[in-house]
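The values are calculated or read from the model by the stated rules, or taken from the named source; none is laboratory data. Nothing here was measured: the structure is a model prediction, and the numbers come from that model. Cβ placement follows ideal geometry from the backbone for every residue including glycine, while neighbour counts extend to all protein chains displayed. Accessible surface is based on the protein model in full, side chains and every heavy atom, while ligands, DNA and RNA are left aside. Shrake-Rupley method; radii C 1.70, N 1.55, O 1.52, S 1.80 Å.
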Number of protein chains: 4
Amino acid sequence: MSIEKLKTQMEKKWAEILKDNQLIKLILDGTKDRRVYALYLAETYHYASHNAKNQALVANKLKTTNSKEINYMKYCLEHALEETGHELMAYHDLKAAGVNVPLSEMPAPLPDTETFVAYLYYISQNGNPARRLGYSFWAESSYAYFGEVMLLAAKNMELSKAMMTFFAEHSDIDVKHAEDVERMVNLMCKTEEDFEDVAEVMNQTLELTARMLDNVAREYQKVLKNESKWNAIFNKYAPSLS
Amino acid sequence: MSIEKLKTQMEKKWAEILKDNQLIKLILDGTKDRRVYALYLAETYHYASHNAKNQALVANKLKTTNSKEINYMKYCLEHALEETGHELMAYHDLKAAGVNVPLSEMPAPLPDTETFVAYLYYISQNGNPARRLGYSFWAESSYAYFGEVMLLAAKNMELSKAMMTFFAEHSDIDVKHAEDVERMVNLMCKTEEDFEDVAEVMNQTLELTARMLDNVAREYQKVLKNESKWNAIFNKYAPSLS
Amino acid sequence: MSIEKLKTQMEKKWAEILKDNQLIKLILDGTKDRRVYALYLAETYHYASHNAKNQALVANKLKTTNSKEINYMKYCLEHALEETGHELMAYHDLKAAGVNVPLSEMPAPLPDTETFVAYLYYISQNGNPARRLGYSFWAESSYAYFGEVMLLAAKNMELSKAMMTFFAEHSDIDVKHAEDVERMVNLMCKTEEDFEDVAEVMNQTLELTARMLDNVAREYQKVLKNESKWNAIFNKYAPSLS
Amino acid sequence: MSIEKLKTQMEKKWAEILKDNQLIKLILDGTKDRRVYALYLAETYHYASHNAKNQALVANKLKTTNSKEINYMKYCLEHALEETGHELMAYHDLKAAGVNVPLSEMPAPLPDTETFVAYLYYISQNGNPARRLGYSFWAESSYAYFGEVMLLAAKNMELSKAMMTFFAEHSDIDVKHAEDVERMVNLMCKTEEDFEDVAEVMNQTLELTARMLDNVAREYQKVLKNESKWNAIFNKYAPSLS
């Protein structure tokens, strides 16, 4: 395998998601309801609050007896450092978009968000330590695929730049990060099996992200039927959106 | 909430799975190919090899300052003890069914099996420690729902009792275990939120199990197209099944 | 090496401890101050509250691909089950001896108790999983060595049986447990290196226990100078002992 | 408490160690045997190989809901990053000093080194997350206390600069690091109890380091009696030192 083949697989997986995902469908159908964005931001807040932590945990698996693993360990810690606190951008955007919920009252993550987070901790601590690069590989370039959908959502829901700082931040730092990840994949993947380990985690984290987005869409249907925990939050902290 | 409402939710979830699941569909459609069973057993072997371990980990979260948590801790360790080594029954059945693969050459778990395992470790170590009861709650009575499908598979694939020891073992010990779990749910769930925590894990572990079964069905499609890692295994260790 | 040589090393280590330990010296010198026993019981409470947990963690390290490791895994979980909640006996004895402190106000463990606990968690999770047997090996027979000192303390401090349930419990169950440990050491130690791993942990956990007892003696000196956190506890909950 | 009082406690503890420690005594007595330095470097290699890892683990305990904990999380990851791979300097020095042992044949850490490492992992994962600062607090300025002893060892054992890169590196970066630690202690310690938590870990990690050095001295006595694992290593890889 190679970086090019990883990219081909990634593009194929994104094409499936863009075609089938329920949240993306909701946006492409032109929803103007900013509560959809709010639900998405809350789950983004939750998974993002674990990214630096599970990234740093990879370091614990590395044997620093050779320069390859030391380089990878430094990459993991540097990357964890850069991601630290980014979840607060998602929370900032939630408040900017009109949902002024205090962190202490934020509803717990949806089951598919927790599943995604669980998988990231697991692959960071078990098996080939290069595997977590499979997540970074697509995450760093996701805005090439997901960006257009986000811009459509922004237009229809009238989202200002101040409500999209998490999105903006992660599309800007993109290029350097994507290069770093590719360099690391090439450093750590010496066998076909290494590449397959990374490819599997790439595909599965994309899949689990898509399921998280589906869960957001299902939760929105519950909100419409007044059956979600979020109804109380919107009523209390975002009366103008309800 | 109550035990009764948990059961109602469980029945609803099982009804969805029995209707939609790709592996169940394959069996209901009358497949005679024992390789379907072999793929299912391999994933059963993988997730079952973690059950005693993640069950025992719950003990680590408990504060033994009151008799309630001490009782729950004893339950977790007793239950872990009873589950220890059960994965070898699944492996035994795999060999009895004609796939004589050594453990050292067993293919790694499918991505949705690893996701299921990851979720079990995560909920065993994070959040309300009562949550793992949500998994045991349905697992101990799953044969009431899944049993008929298994018997149809057995008939069509000509599976003898000696090829189904894992299934038999877990349908026998059923009753006592199911009572133990209900007692523990009632002991540990004092608030509506406790019940909801258990219910969420019950539904999500059923969902993740269903996705694991779907993944088995997809892997079987790959086997038919000669695109699976399992083709080499079947060729080498089960030539009569291919 | 062999069980016999392990016992010889254990006896040598106990002889050193009985000769040099500051807490044992205090008792042999005839102290009548029951606060010495109270301080010892508090640290016993603390380390004992971790014993079942770190014992159960060993299970997580085992590969259940052979009957040897499955047997050991069952032993670990059974032994953890038996130890569950035993710390409450130490707490019971503390109250029976006249220190009626609620658990919520119990002072934190002393540094050498925390070090002992830390080491047990570490060796339960890292390196040869047989190593934790080195702790059980001497712990199950410790009353042969430490018992006489305890009886002298009981006589001088006028401790009734009701104040010594932790001691009594652990001297009674002794024999069966000691046999179980020896059987497991013989099962798990196949090479000289395995025996040395177990011997090292046996010697080091004895050493760390002795340092914990030394720390109790030093804390008692602080109590005498009114410089310990325990002075406030004794004043409030055991005025008759001060 | 305050930074000043922490320093006073640290100076008192160092004074005790400089007076009583067996390894320091050996050096002050003028030993010319470079094997003493080799044994010290090997244990330094072992504990240093865990420093970045246990430092990074602190991040996992932090709740990133306020800027204080985010700052501390960044500090932990930055500090872990800076420490990554430093153990290889100790290994380099070991080879430069004439012990050309491959990493794969390096003897396991001594029991008191493993105890020190165990304690660092434990306090990094349990209790007040500020506690690990107690280790950094003295470690960053240890050369003010230990430096003179090292220079005497260097003189008597004829150690060149190329054999002391670990020592040199850690005395140079001192000043900036010491300032960072003090800033973090002041940020994270808001109550007297916070300061006491940090002070306890400062004192106990100094104590455990001293015990590790004592263990080095005892191991050297074994080398002299030809009873150490290191005798084979010195014979094979450093015949000129024996």
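Among residues of chain C, the one whose beta-carbon sits closest to the C-to-A rotation axis is listed with its distance in Å as C:125, 6. Here's how it looks for residue B:126: its modeled amide H is under 5 Å from none belonging to a residue 5 or more places away or on a different chain.
The 3J(HN,Hα) values that the Karplus relation (6.51, -1.76, 1.60; θ = phi - 60°) gives for the stretch C:229-237 are, in residue order, 4, 6, 4, 4, 5, 4, 4, 7, 10 Hz. Gly and Pro appear as x. Projected onto its three principal axes, the C-alpha set of the stretch A:1-64 covers 52, 31, 12 Å, listed from the longest axis down.
The Kirkwood radius of the stretch A:30-80, taken over pairs of alpha-carbon atoms, gives through the Stokes-Einstein law at 4 °C and 1.567 mPa s a diffusion coefficient of 99 µm² s⁻¹. Between the Cα long axis of helix B:3-20 and the first principal axis of chain B there is an angle of about 20°, rounded to the nearest 10. Across C:228, A:242, the residue with the most accessible area heads the list, and the full order at a 1.4 Å probe is A:242, C:228.
If you add up the charges near residue C:83, with Lys and Arg at +1 and Asp and Glu at -1, over every other residue whose beta carbon is less than 13 angstrom from its beta carbon, what do you get?
Details: positive: B:74, C:53, C:132; negative: C:78, C:82, C:87, C:140, C:169, C:180.
Neighbourhood net charge equals -3.
When each of the peptides C:216-225, B:7-16, D:107-116 is scored by the mean number of other C-beta atoms lying within 10 Å of its residues, the order from highest to lowest reads D:107-116, C:216-225, B:7-16.
The spread of Cα positions in the protein assembly as shown, taken along each principal axis and listed from longest to shortest, comes to 81, 61, 58 Å. Net charge in the neighbourhood of residue B:231 (other residues with Cβ under 14 Å of its Cβ; Lys, Arg +1, Asp, Glu -1) is +1. Convex hull volume of the Cα atoms of the stretch D:149-220, normalised per residue: 103 Å³. Its residues counted as N, the stretch A:54-124 yields a C-alpha radius of gyration over 2.2 N^0.38 Å of 1.47. Against the longest alpha carbon principal axis of chain D, how many degrees, from 0 to 90 and to the nearest 10, is the axis of helix D:192-224 turned? The two axes meet at around 10 degrees.
For the stretch B:45-128, the number of Lys pairs separated by eight or more positions or lying on different chains, with C-alpha atoms closer than 29 Å, is 7. Report, in degrees rounded to the nearest 10, the 0 to 90 angle that the Cα long axis of helix D:143-157 makes with the longest principal axis of chain D. It is inclined by approximately 10 degrees.
If the convex hull of the alpha-carbon atoms of the stretch A:57-204 is projected onto planes in all directions, what is the mean projected area in square nanometres?
On the way: hull surface 39.4 nm².
Average of the hull's projected areas for the stretch A:57-204 equals 9.8 nm².
Highest mobility in the GNM of chain A, judged by mean-square fluctuation with C-alpha springs under 10 Å and restricted to A:140, A:78, A:105, is found for A:105. For peptide C:116-123, the mean count of partner chain Cβ atoms within 10 Å of a residue's Cβ comes to 6. For chain B, with a Gaussian network of springs between Cα atoms less than 10 Å apart, report the residue from B:74, B:53, B:190 with the top mean-square fluctuation. Ranking B:74, B:53, B:190 by mean-square fluctuation puts B:190 first.
From other protein chains only, count the Cβ atoms within 10 Å of every residue's Cβ in C:16-25, then give the mean. Before the final figure, lay out each step's value.
Values: counts 0, 0, 0, 0, 0, 0, 0, 0, 0, 0.
Shielding by partners across C:16-25 averages 0.
Counting partner chain Cβ atoms within 10 Å of every residue's Cβ in A:58-69, what's the average? Don't jump to the answer; show the numbers that get you there.
Details: counts 1, 9, 8, 1, 3, 2, 11, 8, 2, 2, 0, 1.
Neighbouring Cβ atoms belonging to other protein chains average 4 per residue here.
Excluding same-chain neighbours fewer than eight residues apart, the lysines reachable from residue C:25 by a Cα-Cα span under 20 Å are C:12, C:13, C:155, C:222, C:225. Counted by Cβ distance under 13 Å from residue D:105, the other residues give a net charge of +3, where Lys and Arg count +1 and Asp and Glu count -1.
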